[in-house]
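Here is the structure we will look at.
A short reminder: the numbers here are calculations on the coordinates, not readings from a lab. Everything quoted here is computed from the prediction, not taken from an experiment. Ideal geometry is used to build each Cβ from the backbone, glycine not excepted, and the neighbour counts take in all protein chains shown.
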Amino acid sequence: MIDPRILRDSPDTLRESQRRRGEDAALVDRLVELDAARRARQAEYDAVRAEQKQLSKRIGPLQGAVKKDPGDAARASELEALMSEATALSERVKAADTAASTAAAAAEAAWLELSNVVDMRAPVGGEADFAVLEVQGTPRDFAGEGFTPRDHLELGEILGAIDVERGAKVSGSRFYYLTGVGALLELALLNMAVAQATRHGFIPVIPPVLVSPRAMEGTGFLGQAAENVYRVELDDMYLVGTAEVPLAGMHADEILPASALPIRYAGWSSCFRREAGSYGKDTRGIIRVHQFDKVEMFVFCRPEDAEAEHERILGWEREFIDALDIPYRVIDVATGDLGSSAARKFDIEAWIPTQGTYREVTSTSNTTEFQARRLGVRMREGDDVRPLATLNGTLCAMPRMIVAILENHQQADGSVVVPPALRPFLGREVLEPLVR
């Protein structure tokens, strides 16, 4: 949710943000009307409720007097008139309360439709309109080395690491097994990621992956992203698509001391995505799947520190992929490709040799106060209590990082050289083809 003062003082800021996202700017006009109606109905309720309280103050002493002297006809008559007035006023209070509640609910529903205000420095446009901030590393010249690179699925089969056929047999398309060195590779990446995160002061967390509607809605995943969410209808619960959701919800309705900030968590979880609308995209292998594991960084901090924290998270993501010796580029994601919660997002895209292009392996978003306001997470500094900021960033999405490692470090015989930084966690220097 956005600070209501922006709507009242600078609605054009919200209209421009909506336009840059490619979303409906007329929603802002509707919100202006609904917010005004909510405040008017609330004022009407407050006024009639105050009138009711004043009337009660008059009735109380009069009731005592009549009880003390039942023969006082004048006071008894006055009390009867006031009681009649109180009955009518009670109905007005109920009606005003209902009107105020209805207006508040309508405004709240409209607020939930409005995406976060974009950072005006983000490039404007759709998925293809990102800005490249940096390119790091040089892709290998496989032709110069004298062989044609295999894709990750062929390498996975040679190594006995990836089995999509049996994954499809058991669960359907876009599911897979990691077996043998594939499973060991994921566990090694997990341990390497957690080791780096804890070294930088993150608190490791294994969160629940089934969450309430409020947690999902509070993080912005029941709006434009709802089509990709798995819902367990019988229990009205949701499977998370990222540990961002339960990590954000950890401190819902809490007031955190400003002195404790920033609070940084590194959550490992399985993630579930329906991948609706991606028919025909990346159907081969494990680049775009329905279930995968991921280590996610999540930060609660002061709003004024959020921009610097965003750069730090990006730096930690770069540190991880640099250690794996994978060529990559950093992009500033365009406004039309931001999630509803993000004001700005940076992606790291790894070079995938057999596709001849860069593919996203990590992202980090500054969601400013948007999620905190929805979830009721605030900070206390002296007597001041106000919303804080939240940020998230992927440290390691296992399948895509496995793809990047296999393809970039493969050898002509189908073996894969393990990056030196990963060797202490994997216990081997080379992944050897299975002898069949």
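For the stretch 65-163, trypsin sites (Lys or Arg not before Pro) are listed when DSSP marks them as loop and at most 10 other Cβ atoms sit within 10 Å of their Cβ; the list is R121. Counting lysine pairs in the chain whose alpha carbons fall under 19 angstrom apart, excluding pairs fewer than 8 residues apart on the same chain, gives 4. Karplus-derived 3J(HN,Hα) values for the stretch 34-47, using 6.51 cos²θ - 1.76 cosθ + 1.60 with θ = phi - 60°, are 5, 5, 5, 5, 4, 5, 5, 5, 5, 5, 5, 5, 4, 5 Hz; glycine and proline are entered as x. Between F221, F142, F292, find the one with the highest GNM mean-square fluctuation for the chain; connect C-alpha pairs within less than 10 Å. Most flexible of the set in this elastic network: F142. Compared with the alpha-carbon gap, the fully stretched path from L256 to T102 is longer by 52.3 nm at 0.36 nm per residue.
Arranged from fewest to most other beta-carbon atoms within 10 Å of their beta carbon, L256, L155, L239, L189 become L256, L239, L189, L155. Using the rule -39500 (n - 2.57) for each DSSP H run of four or more residues, divided by the residues of the chain, the 222 nm mean residue ellipticity is -14000 deg cm²/dmol. What percent antiparallel are the DSSP beta bridges of the chain, to the nearest 5? Around 90 percent antiparallel, to the nearest 5. Against the chain, whose longest principal axis comes from its Cα atoms, helix 181-199 is set at around 50 degrees.
With neighbours defined as other Cβ atoms within 10 Å of a residue's Cβ, the residues L82, L31 order from fewest to most as L82, L31.
Relative contact order of the stretch 127-431, taken over Cα pairs closer than 8 Å and 6 or more residues apart, is 24 percent. Can you give me the C-alpha center-to-center distance between the stretch 376-395 and the stretch 245-264, rounded to a whole angstrom? Cα centroid of the stretch 376-395 versus Cα centroid of the stretch 245-264: 6 Å apart.
When the chain is treated as a Gaussian network with alpha carbon springs shorter than 10 Å, the biggest mean-square fluctuation among G414, G64, G167 belongs to G64. Reducing the stretch 281-356 and the stretch 407-434 to their Cα centroids gives an inter-centroid distance of 24 Å. Panel values: the chain, Kirkwood radius from alpha carbon pairs, Stokes-Einstein at 10 °C and 1.306 mPa s, translational diffusion coefficient 64 µm²/s. Decide, for the stretch 4-113, between rounded, prolate and oblate: order the square roots of the alpha carbon gyration tensor eigenvalues as a ≥ b ≥ c, take rounded if a/c falls under 1.5, and otherwise choose prolate if a/b is larger than b/c, else oblate. Prolate shape, in that a/c is at least 1.5 and a/b is the bigger ratio.
Within the listed set G137, G160, G71, the residue fluctuating most in the Gaussian network model of the chain (springs between alpha-carbon atoms under 10 angstrom) is G71.
Remark: M401, M237 ranked as M237, M401, counting other beta-carbon atoms within 10 Å and listing the fewest first. Let a ≥ b ≥ c be the square roots of the eigenvalues of the Cα gyration tensor of the stretch 118-234; is it rounded (a/c under 1.5), or, if not, prolate (a/b larger than b/c) or oblate? Since a/c reaches 1.5 but b/c is at least a/b, the shape of the stretch 118-234 is classed as oblate.
Shown in residue order for the stretch 55-63 are the 3J(HN,Hα) couplings computed by the Karplus curve 6.51 cos²θ - 1.76 cosθ + 1.60 at θ = phi - 60°: 5, 4, 5, 6, 5, x, x, 5, 4 Hz (x for Gly and Pro). Measuring between their Cα centroids, the stretch 29-50 and the stretch 201-243 lie 33 Å from each other. Summarising the label geometry, the points placed 7 Å from Cα in the beta-carbon direction at D24 and A95 lie 3.2 nm from one another.
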